Amino acid sequence: MSIIEMSWWLTEKVVPTAITRYCKNCGRTVEFKDSLIRRHNSNGKNIFRFAIYKCEKDHTWNRKLSIYKAYTEHAVVREEKLFIKENKIEIMDLDSLCREEVNQVNITIENSVGDVRLDKLLAERLMGWSRSQIVRKIKEGLIQVNHKDCKPSQKIGTKDLIVIMIT
Ligand SMILES: [Zn+2]
C-alpha cells in the first residue's frame with residue numbers, strides 16, 4: 001500500500017507567502033519564503049505535514065501545517081512532488097502512478113479562487129480517467145472529500161482534502 005500526498009494550488013498564479021522570523025544560520029531576523037514544497041513525516045500513528053520555507057540564503061525552516069491520523073498502518077507516505085509553477089497546470093498521470101504501485105492519492109487544496117466542482121476539477125487534472133469514469137468513482141465512494149462520500153457536484157475549496165483510491 002503506497003500513498004502519495006500532494007498539494008494543488010487552484011489559483012492561476014501562485015504568490016508564495018513570506019514570514020519574517022529569526023534565522024539561526026544567518027544570525028538575524030530575515031524573510032522566509034514558502035518554497036511550495038510540502039513534506040510529510042510519519043511516526044506510525046500520525047502524519048505531520050510541513051511547508052518548507054527558505055530564507056534568501058537558502059536556509060530552510062519547516063513550518064508545521066497539520067497533523068493527521070495515518071489511516072493505514074502500512075501506508076508509505078512519500079514527499080509531495082506535484083504543484084503548480086508559474087501558471088502552468090501540471091496533470092497527474094494515473095497510469096504511471098499505477099505502475100509505481102500507488103494505491104491512494106491524497107490531494108490537499110492549498111489555495112483556490114472560488115469553489116469549483118469536484119468532477120470538473122479532476123477531469124481537468126487527471127490523465128487516464130474520463131469525466132464519466134470520475135463521476136462513477138465518486139458515486140462508488142472511490143473518490144472522497146475530507147474522508148466522506150460526496151457528489152460529483154461537490155464544491156471544492158481551500159483546505160479540502162480529496163482522497164482518490166486507485167484500484
Ligand atoms: Zn538564513
**Solvent accessible area, Å² - D115, 1.4 Å probe, full protein context** = 100 Å²
**Prompt:** Of K33/K137; K64/K137; K54/K139; K33/K151; K45/K148; K137/K159, which pairs sit farther than 30 Å apart, going by alpha carbon to alpha carbon?
**Reply:** K33/K137; K64/K137; K54/K139; K33/K151
**Asked** Simple spin-label model, 7 Å along Cα-to-Cβ: E56 to N25 in nm?
**Response** 1.6 nm
**Prompt:** Three principal axis extents, largest first, for the C-alpha atoms of the range 18-74, in Å?
**Reply:** 41, 19, 14
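The values are calculated or read from the model by the stated rules, or taken from the named source; none is laboratory data. Worth saying up front: this structure is predicted, and the values here are computed from it rather than measured. We place every Cβ from the backbone using ideal geometry, glycine too, and count neighbours over all the protein chains shown. Heads up: the accessible areas ignore ligands, DNA and RNA and are worked out on the full protein's heavy atoms, side chains in. Shrake-Rupley method; radii C 1.70, N 1.55, O 1.52, S 1.80 Å.
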